[in-house]
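Enquirer: Would you mind keeping the following structure in view while I ask a few things?
The values are calculated or read from the model by the stated rules, or taken from the named source; none is laboratory data. Because the structure is a prediction, the values reported are computed rather than measured. All Cβ positions, even for glycine, are placed from backbone atoms using ideal geometry, and neighbour counts span all protein chains on display. Quick note on the areas: whole protein, heavy atoms, side chains included, nothing else; ligands and nucleic acids left out. Shrake-Rupley method; radii C 1.70, N 1.55, O 1.52, S 1.80 Å.
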Amino acid sequence: MKYMGSKNRFSKYLLPIILKDRKPNQWYVEPFVGGCNMIDKVQGHRIGADANKYLIAMWKGLQEDLKRPLQIPRELHAEARTEYNNRQSNKFTDFEIGWIGFMASFNGRFFGGGYSGKHKNRDYVNEQIRNTTKQIPLIKTVDFYHCEYQNLEIPSESIIYCDIPYQGTKVYDSKLVFDYPKFWQWCRDMTKQGHKVFISEYNAPEDFKCLWEKETKVSIRPTKTLIQTEKLFTYE
């Protein structure tokens, strides 16, 4: 699924590092599961959590193969967006708002970038639906939870991968403020409790070790890109 900050194209580099010392029956946990573009490539016991209740409702609904529109016109997207902005659920369920918002919003921004629709010969809504549908068999056995990362109950000695909102970049909901010092301390605490914690970011505190990095182009808008260095960190 196309998702802001997706690690799909980096998964072939990241997962061999993250899973290198995984033990039999050891849990793999993503507290920021997003578009499931990493967790859908992992086998065994898996937990995926996110603070966005509509995202988790969408993934749970897809696991159950709930009925959903396979054509999402601009008008339907606008209706769902209005309910989302008003924090209402009169016409749509949380699953439907999640499905419409993530399938039909520009660049996978969940009502944050307008309607994606068609451009020239590409139908972006149908592309998103097709790509997400392909993921369904791969996430059938994931345990999904809606919660903040610090409230997630994590099995002992798990592997935890965190794809957090990158500091200094645009987030889905401008009303949300991510507490970075609190998060990095949580990573330290989780490591001390016996978990193995990995974090994707551009930068990290000095006591975190960089395990991997790669330069990549980041689209700011259709006519402008920047070169950033993706990194994978851990705390030892």
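Enquirer: May I ask you to list the residues in segment 167-197 that are in a loop (DSSP other than H, G, I, E, B), open to solvent by less than 60 Å² (accessible area, probe 1.4 Å) and modelled with pLDDT of 95 or more?
Expert: Correct list: 194, 195.
Enquirer: Would you mind telling me which numbered condition in (1) touching a helix residue (DSSP H, G or I) at 6+ places or on another chain (Cβ under 8 Å); (2) hydroxyl-bearing (Ser, Thr, Tyr); (3) within 19 Å of residue 230 (Cα to Cα) residue 28 fails?
Expert: Tallying (1) touching a helix residue (DSSP H, G or I) at 6+ places or on another chain (Cβ under 8 Å); (2) hydroxyl-bearing (Ser, Thr, Tyr); (3) within 19 Å of residue 230 (Cα to Cα), residue 28 fails exactly one: (3).
Enquirer: Would you check if there is a residue in segment 57-79 being at positive phi and part of a helix (DSSP H, G or I)? Break it down stepwise before answering.
Expert: If we filter segment 57-79 for residues that are at positive phi, which is where we start, we get 65.
Of the ones still in play, those that are also part of a helix (DSSP H, G or I) are none.
No, there is no match, as no residue in segment 57-79 is at positive phi and part of a helix (DSSP H, G or I).
Enquirer: Does segment 120-149 hold any residues that are loosely packed, with under 13 Cβ neighbours inside 10 Å and over 14 Å from residue 59 (Cα atoms), and which are they?
Expert: 120, 121, 122, 130, 148 - these are the residues of segment 120-149 that are loosely packed, with under 13 Cβ neighbours inside 10 Å and over 14 Å from residue 59 (Cα atoms).
Enquirer: Let me ask something else about it. So which residues in segment 97-128 are touching a Gly at 6+ places or on another chain (Cβ under 8 Å) and either aromatic (Phe, Trp, Tyr) or in a helix (DSSP H, G or I) (or both), if there are any at all?
Expert: Result: 98, 99, 102, 104, 106, 107, 108, 110, 111, 124, 125, 128.
Enquirer: Show the residue pairs that are 6+ apart or on different chains and have beta-carbon atoms under 8 Å apart, the first residue being within segment 23-47 and of a type in the set (Gly, Ala, Ser), the second being buried (at least 21 other Cβ atoms within 10 Å of the Cβ) and modelled with pLDDT under 95.
Expert: Short answer, once both residue conditions are applied: 34/3; 35/1; 35/3; 35/108.
Enquirer: Can you tell me how many residues in segment 51-69 are out of contact with any strand residue (DSSP E or B) (no Cβ under 7 Å at 6 or more places or on another chain) and under 20 Å from residue 36 (Cα atoms)?
Expert: Kept after step one, since they are out of contact with any strand residue (DSSP E or B) (no Cβ under 7 Å at 6 or more places or on another chain), are these residues of segment 51-69: 51-52, 54-55, 57-58, 61-69.
This time we only want the ones that are under 20 Å from residue 36 (Cα atoms), so: 51-52, 54-55, 57-58, 61-66, 68.
The number of residues fulfilling the criteria is 13.
Enquirer: Also, I was wondering about something else. Taking segment 13-26 only, how many residues are surrounded by fewer than 21 Cβ atoms within 10 Å (Cβ to Cβ) and within 17 Å of the chain's Cα centre (by Cα)? Step through it out loud before you land on a result.
Expert: First, pick out the residues of segment 13-26 that are surrounded by fewer than 21 Cβ atoms within 10 Å (Cβ to Cβ): 13, 15-17, 19-26.
If we keep only those that are within 17 Å of the chain's Cα centre (by Cα) as well, we get 15.
Total meeting the criteria: 1.
Enquirer: Follow-up question, since we're still on this one. When you go through 3, 54 one by one, which is the residue that is within 19 Å of residue 114 (Cβ to Cβ) and open to solvent by less than 20 Å² (accessible area, probe 1.4 Å)? Give the steps one after another, and end with the answer.
Expert: On the way: 3 fails: open to solvent by less than 20 Å² (accessible area, probe 1.4 Å).
After applying the criteria, what remains is 54.
Enquirer: Determine if segment 97-115 includes at least one residue that is farther than 22 Å from residue 33 by Cβ and without any contact (Cβ under 8 Å) to a residue 40 or more places away in the chain.
Expert: Here is the first cut: in segment 97-115, the residues farther than 22 Å from residue 33 by Cβ are 114-115.
Retained after the next criterion (residues that are without any contact (Cβ under 8 Å) to a residue 40 or more places away in the chain): 114.
Yes, some residue in segment 97-115 is farther than 22 Å from residue 33 by Cβ and without any contact (Cβ under 8 Å) to a residue 40 or more places away in the chain.
Enquirer: Assigned to a loop (DSSP other than H, G, I, E, B) and either modelled with pLDDT of 95 or more or crowded, with 20+ Cβ neighbours inside 10 Å (or both), is that true of residue 40?
Expert: no
Enquirer: Is it the case that some residue within segment 12-24 is among the aliphatic types (A, V, I, L, M), in contact with a Gly (Cβ under 9 Å, 6 or more places away or on another chain) and modelled with pLDDT of 95 or more?
Expert: Of all residues in segment 12-24, those among the aliphatic types (A, V, I, L, M) come to 14-15, 17-19.
Those still in the list that are in contact with a Gly (Cβ under 9 Å, 6 or more places away or on another chain) too: none.
No, that holds for no residue.
Enquirer: Between 42, 33, 29, which is more than 14 Å from the chain's Cα centre (by Cα) and among the aliphatic types (A, V, I, L, M)?
Expert: On inspection, the qualifying residue turns out to be 42.
Enquirer: For segment 157-166, name all the residues that are at pLDDT 95 or above, part of a loop (DSSP other than H, G, I, E, B) and either under 19 Å from residue 33 (Cβ atoms) or not acidic (Asp, Glu) (or both). Please lay out each step first, then the result.
Expert: From segment 157-166, those at pLDDT 95 or above are 157-164; that's our starting set.
From what is left, the residues that are part of a loop (DSSP other than H, G, I, E, B) are 157-158, 164.
Of everything in segment 157-166, those that are at pLDDT 95 or above, part of a loop (DSSP other than H, G, I, E, B) and either under 19 Å from residue 33 (Cβ atoms) or not acidic (Asp, Glu) (or both) turn out to be 158, 164.
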